[in-house]
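None of the figures in this text is laboratory data; all of them are computed from the coordinates on show. Computed from a predicted structure; not experimentally measured. Here the Cβ positions follow ideal geometry from the backbone for every residue, glycine too, while neighbour counts run over all protein chains shown.
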Amino acid sequence: MKDMNTTAPSLEEMNLIKKFLDDTTLFLGPDPEIMQNHDLMPRTQDEDAAIAKVSDNHIVAKIRDRLQSGCDEGFEMVEQMGAAPGAKWGDVITGVYSASGDLAIASAGGVLIFSALVHHPIKFIIKNWINEPTVGVKDGDGFIHNDSRYGNVHNTDQSMILPIFHDSKLLCWVASTVHEGENGAIEPGGMPSMAESPSDEGLKMSPFKVVENYQIKRDVLTFLQNSVREPKLQYEDMKVKLFACLRIKQRIEETLKSDGPDALVSTLRLTMEDVRAEVKRRISEWPDMTVRSYIIQDSTLRENCVVKINCKLTKTGDRLIFDFRGSSPEFTNRATNTIVAGLKGMLSQVFLCYVWPDLPRGQAAFAPIEVITDPHSIVDCSYDAPNSQSLMSIFTGFTAGQHAVAKFLYSCPEKFTKVHAPTFNMINTFIWGGVSQHGETLGNLCADLNGMGAGATSDRDGEHALAPIFATMADIGEQELNEEEVPFLQLVSKKMTRDAIAPGKYRGGQGYSMMVSTKDSEQWGFMTTAEGAKIPPLQGLFGGYACGTYPLCKVKDVDVYDVLMNEPEKFRHSIEEIMNEQPFEDAKYSTHHMGMGFEISKRGELFMISQGAGAGYGDLLERDPVNVVKDIEEGLMSAEVAARLYKVVFDPKTLAIDFEATEQARDEERKARIARSTPYAEFIKGWNQPKPPAHLPYFGCWGDDIDTLYMGAPDITRRADEPRPNYMMHPKDVRIAELEARLTAAGVAGDEKQ
Amino acid sequence: MKIPMTEYLRINLETEKWECRVCDHEIAPAEGNYKEGLLVHNRDPREIHPPVIDPDKYKFTFSPDPEWVRILEFCCPSCGTQVETEYAIPGHPPLWDMQVDVAALKAQWAARGPAMLPDAGPSVVAGRAHTH
Ligand SMILES: [Zn+2]
């Protein structure tokens, strides 16, 4: 090499090069340096100095509680005054961030996933706008953000971010985030499953200034309103978020007055460091072990396929490493990809919501936990890939993590919650949009997605339709209130779906059915965005079973409002009865997977879905027969299914249990199990295959070979470290090709010119 | 010391074996995959998740598609307790789900002592034999 003797550039020259590059950056796109990092920023000199002055635990605890109640107050304001349906059921978070942008303290309720994800846009502001002469960060400024490639989960979520100054020094930040929904994307409601590129995903706000002197700038506001389907909501909720931030600011200023800025800065930093240290301590109590799990997504929301989310969780000493390598390659033109920050945000919910709910809410709880992914995979997608339905991948990633973590916790002497089977993880709800009975253009969703069934625990059944995995303290809201604003009714709502079960010694909490039907608008439609109509999206725990699968059912060519008016006796109150009995003559009954693109509905047509069940725990033959019969009585399970699966013997009329016969039946079933099963070594000889089956469009690694990723067929692969485009055909083109092939085969397509 | 690792499995630190907590059956070496000492049944998922709507009329019925997913049921060869399930893509090798560092487990519990053992255990159905 010739340059062996050349001297390296001097520091001065390096700075000059850096300045040149900075000055000539043509586009401040999503910044991997910010987006790939979820750990706390290093302690600053200011923080060191503040901690040297104030570090008394009691003072820190007092100030932390005060800031916590300030955040809760802000949360309450947004929940009460916000216009978005999301705000009303608590799809909201407020928080106080350190001067470096880390979330130190967050509201206790709401969507905690934001707690891991709103620090990214703040760090972008710090890095790019503070010293940018055309922007700057001043007292009275407020910044808005929604583009998930710069932070947060998906583009439905909008944040308002305010810097807090004291004696003209930036002390900290406050922010308020709401799932606003509508954002002008290709489909209403802000989470389009039809998006084939980021350009289909609507408004993409990189962090920018929208508030000066505590006033929303009207020109910018008008532009934002002009870009979405719900302009009034856009304005109203920007104001609400701004005022929530100002209330938290007020509480911070009271603290500054009573305790001074050092106490505040020290509290923020020590809270995070203490939580981080405590998490390391708790992890060190787990057994040193590697746990493997995988969860399958059975669709891209456009077509059914087999998409693997592969998870290997390793704990050594005080290190915990999630390894998602081997998961499906990113889809170039499907919306189910996620940026890796979203996956991390959801994994942090495993801990904040389900394992250590006692820890202060903030970024620190997940900060020391490591995550490994393949770049350009479905769980770590590039910035060119659409990600508006990232929920599909972050929720299945969550479940893989939740399932793996449970296997570490069982033997721990120190537990903060009960060991439990996975919670249901799909947003089985209706997203809706169009023109309401009041002439308003709307686009949003039913809060029923919050009714996910809970997984069974080590000592009791899962609760029904309990809470969403991303916000265990959220609400389902009042459907009747909703119906005053939207032109459809839930004709059946909150009725448990019989036999959609997750059996076990303790069974999973079940889900309820929803039947919606449009009324009073000719311009109204629905979409559904969930997976799990062919393959359950969960795994069971310790011998328990996962949930089953959940389809979308439609009844067309009927006006059920006419039926209810003229022949009400024909109406049925369950999906089972309507689909099996087909009580409306001449109507068309059909079933579909749960990825329904936006579809205009006619008055009186029925769209029917069910919430899902959490997973079961333990061997179902150990289930108390009394609880089996209780499930029959409560309409959760039919008598035939109960008797067949649980081997409980009872009188079909009175449901009186014959305990002795039950015990005998169960003993026989245990013997029958042994008889019908095969020793492992022999079993895998017949079962194990070297490649995915040819009949399945399979994506991801097969077995332990995480270096080879399949892309839809056993003979199409790529190396995990060599990204390649992964295009899916339009489902209609697939169908047309099938039909054309049939025409050709039938010899009737011959005369068409090519 | 015997460390309960799951509802139905424990690791005997003296013998370094996985054992069944219901019938005390010795299943497999503790550093290996406990599934290798169990029996497996390839279950049609429709048997566990019954169709809610008529499979003769409809494509999607609330039952998983048996061509797309199977349930591997792992049971103790001695007492027939269902120790674990795995929802698996047809032909996908079963997972080595719990790969334990036995030396570390021994050290961890030597420091803790038996008084710290979690007390949760499988409930024993009345009249059911413990040993075979
Ligand atoms: Zn046994």
* Please sort by residue number the trypsin sites (Lys or Arg not before Pro) in the stretch A:106-205 whose DSSP state is loop and whose Cβ has at most 14 other Cβ atoms within 10 Å. => A:LYS138
* Structure fact -> Relative contact order of chain B (C-alpha contacts under 8 Å, at least 6 apart) in percent is 24
* Helix B:102-112 axis, angle to chain B major axis (alpha carbon atoms, nearest 10°) -> 60
* Which value, in debye to the nearest 20, describes the size of the charge dipole of chain B about its Cα centre when Lys and Arg Cβ atoms bear +1, Asp and Glu Cβ atoms bear -1, and nothing else is charged? -> 240
* the stretch A:334-345 - phi-based ³J(HN,Hα) in whole Hz, Karplus 6.51/-1.76/1.60, Gly and Pro as x -> 10, 8, 8, 6, 10, 6, 5, 4, x, 4, 4, x
* Other chains near A:497-507: what is the mean number of their Cβ atoms within 10 Å of each residue's Cβ? -> 3
* Structure fact -> In deg cm²/dmol, rounded to the nearest 500, the helical mean residue ellipticity at 222 nm of chain B, built from -39500 (n - 2.57) for every DSSP H run of length 4 or more, is -3000 deg cm²/dmol
* Structure fact -> The ³J(HN,Hα) series, computed from each phi in the stretch A:412-420 with the Karplus coefficients 6.51, -1.76 and 1.60 at θ = phi - 60°, rounded to the nearest Hz and given as x for glycine or proline, is 6, x, 9, 10, 10, 9, 7, 4, 8
* Nearest-ten-degree value, helix A:231-259 long axis tilted from longest Cα axis of chain A -> 50
* Asked: What residues qualify as long-range amide H neighbours of A:LEU320, i.e. H under 5 Å apart, gap of 5 or more or another chain, H built at 1.01 Å from N?
  -> A:GLU370
* To do: Quantify how much of the Cα-Cα distance distribution of chain B extends past 26 Å, in percent.
  => 37
* Structure fact -> Mean separation of Cα contacts under 8 Å (at least 6 apart) over the residue count of the stretch A:57-265, i.e. the relative contact order in percent, is 24
* **Neighbourhood charge, 9 Å Cβ-Cβ cut-off, centred on A:LEU541 and excluding it, Lys, Arg +1 and Asp, Glu -1** => -1
* Structure fact -> Summing +1 per Lys or Arg and -1 per Asp or Glu among the other residues with Cβ less than 12 Å from B:ASP54's Cβ gives -2
* Asked: If you find the alpha carbon centre of the stretch A:445-520 and of the stretch A:726-754, how far apart are they in angstrom?
  -> 41
* chain B: longest stretch without exposed GluC sites (Glu not before Pro) (DSSP loop, at most 12 other Cβ within 10 Å), sites themselves excluded? -> B:68-132
* Structure fact -> In debye to the nearest 20, the charge dipole size for the stretch A:383-489, taken about the Cα centre with +1 at each Lys and Arg Cβ and -1 at each Asp and Glu Cβ, equals 760
* To do: Identify which of B:ILE11, B:ILE27, B:ILE89 has the largest mean-square fluctuation in a Gaussian network model of chain B, with springs joining Cα atoms closer than 10 Å.
  => B:ILE89
* Residue among B:ASN12, B:ASN33, B:ASN42 with the largest mean-square fluctuation in a Gaussian network model of chain B, springs linking Cα atoms under 10 Å -> B:ASN42
* Calculated from DSSP H runs of 4 or more alone, at -39500 (n - 2.57) each and per residue, what is the 222 nm mean residue ellipticity of chain A, nearest 500? -> -9500 deg cm²/dmol
* Positive-pole candidate from B:MET98, B:LEU38, B:SER78, dipole of the stretch B:2-115, charges at beta carbon -> B:MET98
* Structure fact -> Residues A:LEU256, A:LEU743, A:LEU233 in order from fewest to most other beta-carbon atoms within 10 Å are A:LEU743, A:LEU256, A:LEU233
* Asked: What list do you get for A:LEU466, A:LEU655 if you sort them by fewest beta carbons within 10 Å?
  -> A:LEU655, A:LEU466
* Structure fact -> Expressed as a whole number, the average count of other chain Cβ atoms within 10 Å around the Cβ atoms of B:35-45 is 5
* Any chance you could give the angle, 0 to 90 degrees and rounded to 10, that helix A:11-23 forms with the longest Cα principal axis of chain A? => 60
* Structure fact -> Cβ density ranking, 10 Å radius, fewest first, applied to A:TYR354, A:TYR550 yields A:TYR354, A:TYR550
* Structure fact -> Sparse-neighbourhood loop hits (GluC sites (Glu not before Pro), the stretch A:647-754; DSSP loop; Cβ within 10 Å at most 16 others) -> A:GLU752
* **Mean separation of Cα contacts under 8 Å (6+ apart) over length of chain A, as relative contact order %** => 12
* **Sparsely packed trypsin sites (Lys or Arg not before Pro) within the stretch B:1-74, loop by DSSP, other Cβ within 10 Å at most 16** => B:LYS57, B:LYS59
